[in-house]
1. Could you name the lysines in cross-link range of Lys236, using Cα to Cα under 29 Å and dropping any fewer than eight places away on the same chain?
2. In terms of Cα to Cα distance under 17 Å, which aspartates and glutamates are near enough to Lys42, apart from those fewer than 8 places away along the same chain?
3. What ratio of Cα Rg to 2.2 N^0.38 Å holds for the chain?
4. Expressed as an acute angle from 0 to 90° and rounded to the nearest 10, what is the orientation of the C-alpha long axis of helix 273-283 relative to the principal long axis of the chain?
5. Please state the charge dipole magnitude for the chain, taken about the Cα centre, from unit charges on C-beta atoms (+1 on K and R, -1 on D and E), reported in debye and rounded to the nearest 20.
6. Quick one: ranking Phe71, Phe233 by accessible area, 1.4 Å probe, largest first, what do you get?
7. In whole percent, and with a 1.4 Å probe on the protein chains, what portion of the accessible area of segment 182-297 is carbon and sulfur?
8. Would you list Tyr192, Tyr145, Tyr105 from the most to the least accessible area, probe 1.4 Å?
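The values are calculated or read from the model by the stated rules, or taken from the named source; none is laboratory data. Every value quoted in this text rests on a predicted model; they were computed, and no experiment measured them. Cβ placement follows ideal geometry from the backbone for every residue including glycine, while neighbour counts extend to all protein chains displayed. We work out accessible area using only protein heavy atoms, side chains counted, and drop any ligands, DNA or RNA first. Shrake-Rupley method; radii C 1.70, N 1.55, O 1.52, S 1.80 Å.
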Amino acid sequence: IFFCHTLPTLLFTCHSLLTLTLVAKDSKIFEVPSEVCLRNLKTLSITNSRLVGDSLNRLISNCHVLEDLTFYQCFVANAREINIQIPSLKSLYLDFFLPIEGLNYVVVINAPNLVYFRYDSIIVEGYSLSNMKSLEKAEMCISFYSSNYETSATHLFQGICNVRSLRLNIHEVIHLTSGFPIFHNLIEFDFYGSETWFVEFLHCAPNLKTLTILLEGVAGARWNINVPSCLSFRLKKIEISDYVIDMIEIVRYLLDNSMVLEELIIRMKAINATPGIKACNQLLPLLKSSKKCQIVIL
């Protein structure tokens, strides 16, 4: 449904409805009536809407068998808490635009059967994520308005630490304090962000097998960071995208310390031949600790 005016009240008490997709024109306010009962709704997707906290929570709490929930490019206002407690939920995608003055609320998620979670937003004041032991894949694109919210970000990561596959896009550095979780089940990690932080994060992923990285900035300094155990004993495949010659030190570090690595894929950023040839001449002579490792340059 594409809407630009008030939605009919009967829509929110339709017991036969299984799938509901709402797309607002010009980011209209999405109002939920006082009486809501969507007892058989399995899939709910709302796009480009302005959501009021109480109205949003009223809608979520009255979808008792929901399995797929998506809020895409939505604006949240007047919220103290976003409360998502749905035992049947399997997939959750939250993409929120938030006013800077409206970050002081808590995201509460209790979804024991959740398998997939995607979160694109500025970090807010607090997170309470519980019963997420079924979570297999998470995709996170997060940014910070203030460094005071690092603790909140840590709580967010604590809630998803059971994932087997994590895609993370993060433009700031979270200090990995003693409260940061260990991702024991993580075997696939796709990272975009700071070069130093991602190597520090590897210490929190002892069983990682596949690593994909795209670095937003490279200092080009020589590496002397303690070696994460996953590099020594677990990591089988590494893929680096948008490679430039300034990344040579991190490649050297990875090859020096990846004892069981089988494949290193380098995807070149250069679009003409000369930088590509220079990079190949730079990469191919590097020594490898793993005798099985093959370097593939694309």
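1. Lys133, Lys137, Lys209, Lys269, Lys278, Lys288, Lys291, Lys292
2. Qualifying aspartates and glutamates at Cα under 17 Å: Glu67, Asp68.
3. Working: Rg = 22.3 Å, N = 298, 2.2 N^0.38 = 19.2 Å.
Relative to the 2.2 N^0.38 Å estimate, the chain comes out at 1.16.
4. Tilt relative to the chain: about 70 degrees.
5. Details: 25 positive and 27 negative charges, 181 e Å.
So the dipole magnitude of the chain works out to roughly 880 debye.
6. Values: Phe71 0, Phe233 145 Å².
So the residues, ranked largest to smallest area, are Phe233, Phe71.
7. Numbers: 2920 of 5780 Å².
Ligands and nucleic acids excluded, carbon and sulfur reach 51 percent.
8. Values: Tyr192 65, Tyr145 145, Tyr105 0 Å².
Descending order: Tyr145, Tyr192, Tyr105.
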